[in-house]
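Let me begin by presenting the structure, written as structure tokens, before commenting on it.
The values are calculated or read from the model by the stated rules, or taken from the named source; none is laboratory data. Computed from a predicted structure; not experimentally measured. Cβ coordinates were reconstructed from backbone atoms using ideal geometry, including for glycine residues, and neighbour counts include every protein chain displayed.
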Amino acid sequence: KEIVVSGIRSTGFLHLGNYFGAIRNYIRMQEDYNCYFFVADWHSLTTHPDPKDLRGNVFRLLAENIASGLDPEKVALYAQSDVPEIAELYLLLNMLAYKGELEKVPTFKDKVRLQPQNVNAGLLTYPVLMSADILVHRAIKVPVGKDQEQHLEMARNFAQRFNTRYGEELFPEPIAFNFGDNLVRIPSLDGTGKMSKSENEMATLYLNDTDELIRKKVMKAKTDSGPAEPGAPMPETISNLFLLMQSVSAPDAVDNFRLAYENQSIRYGDMKKQLAEDMVAFIAPIREKAQALQQDVPYLRRILKDGAEKARASAAQTLQAARALIGINYYQ
Ligand code: TYM
């Protein structure tokens with residue numbers, strides 16, 4: 001079976017972008033691949049979260065993953081911080097990662113712009129830690145959204161650099177994976193970029209939103225003023241709505257609105273009403289299941305413990321090989 005790794009930062013509730021960029025693929029992959037999925041709690045430390053919030057976020061994220069359809073019996077589901085081998089590999093890879101290349105990473109440059117008061121070394125070496133997450137299991141497929149493409153390219157570079165330096169193909173080169181043709185990018189509801197945890201709350205649909213809140217957010221989604229000129233390209237706000245609709249609505253409904261758009265009889269209010277109802281039908285069962293699961297802390301703890309054992313067994317083998325190649329295995 002091919003090895004798969006992916007993680008989600010424990011920084012808040014899961015949103016639709018996380019679901020359609022990552023989790024939907026996790027669920028499809030769990031049958032046929034050897035999957036390692038984890039809560040990236042170390043990655044979330046770059047912003048110094050309150051310890052109580054962090055713990056709550058980790059359990060909630062776990063509950064939401066399971067509620068979405070992940071089966072802890074089929075995959076290793078664990079917290080990053082329970083696998084110290086990741087930190088060790090991170091240290092080793094840091095020796096092969098150059099300041100210049102790390103400073104050029106667009107996500108790092110964004111952070112420098114957005115939080116100039118907290119440009120810590122963890123932020124700079126974020127892609128190295130992420131590479132360690134992946135390479136520690138020698139994964140070849142990494143289900144992620146479009147925003148992670150660049151990080152995957154760095155993981156391939158580090159893998160190759162290590163292999164070349166130490167003269168053995170220890171690490172395969174991992175690729176960003178999606179079951180469709182392209183990596184997914186779910187837009188925000190206000191037409192300003194991708195859906196994300198930190199941006200405008202009203203423009204992000206969370207898997208924890210109530211039915212009323214989902215309706216309110218969708219109905220407030222930005223549309224353009226009136227129909228476009230015949231033959232003009234579809235405005236981005238409208239193509240965004242179609243993208244969301246394709247994700248949760250029946251194909252027939254999408255086709256009808258597409259047709260209405262083409263012959264300029266579309267009413268965006270109607271389209272949003274339909275989208276809101278389909279969104280509620282999609283999110284409500286996940287929300288309810290996650291809320292119930294979250295109460296069962298002993299169950300979630302057990303999952304984390306089992307997951308950590310599976311992940312450490314795999315990671316330990318990689319580290320043993322890496323240490324031997326580097327020459328730091330003194331007792332063997
Ligand atoms: P994070 O926590 O920001 O997001 C988790 C996953 O959700 C995807 N995603 C999206 N996909 C489509 N449209 C969107 N609007 C959208 N927003 C988020 C992300 O692409 C990601 O797949 N660095 C990673 C976490 C990470 C990781 C890893 C991932 C750490 N180590 C190793 C894979 C392998 C991150 O910050 O994702």
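Just a few scattered comments:
- Filtered by the rule that a residue be among the hydrophobic types (A, V, I, L, M, F, W, C) and free of Cβ contacts under 8 Å to residues at least 60 places away in the same chain, region 269-290 gives Met271, Leu275, Ala281, Phe282.
- Where helices (runs of 4 or more DSSP H) sit wholly within region 92-194, those with at least 1 residues that are surrounded by fewer than 18 Cβ atoms within 10 Å (Cβ to Cβ) and at pLDDT below 95 occupy 106-114.
- Checking each residue in region 73-92 for being within 13 Å of the ligand (Cβ to nearest atom) and over 27 Å from Arg60 (Cα atoms) picks out only Leu89.
- Test: residue in region 206-217 that is under 30 Å from Ala139 (Cβ atoms), assigned to a loop (DSSP other than H, G, I, E, B) and of a type in the set (Asp, Glu): no
- Within region 30-51, the set of residues being under 20 Å from Lys74 (Cβ atoms), more than 13 Å from the ligand (Cβ to nearest atom) and not charged (D, E, K, R) comprises Gln30, Tyr33, Asn34.
- Ala322 meets the conditions (1) loosely packed, with under 14 Cβ neighbours inside 10 Å; (2) of a type in the set (Gly, Ala, Ser); (3) farther than 21 Å from Gly69 by Cβ in every case but one. The failed one is (1).
- Members of region 301-325 that are over 18 Å from Asn94 (Cβ atoms) and either in contact with a Gly (Cβ under 6 Å, 6 or more places away or on another chain) or among the hydroxyl-bearing types (Ser, Thr, Tyr) (or both): Ser314
- Count of region 229-268 residues which are touching a residue at least 40 places away in the same chain (Cβ under 8 Å) and farther than 23 Å from Tyr19 by Cα: 1
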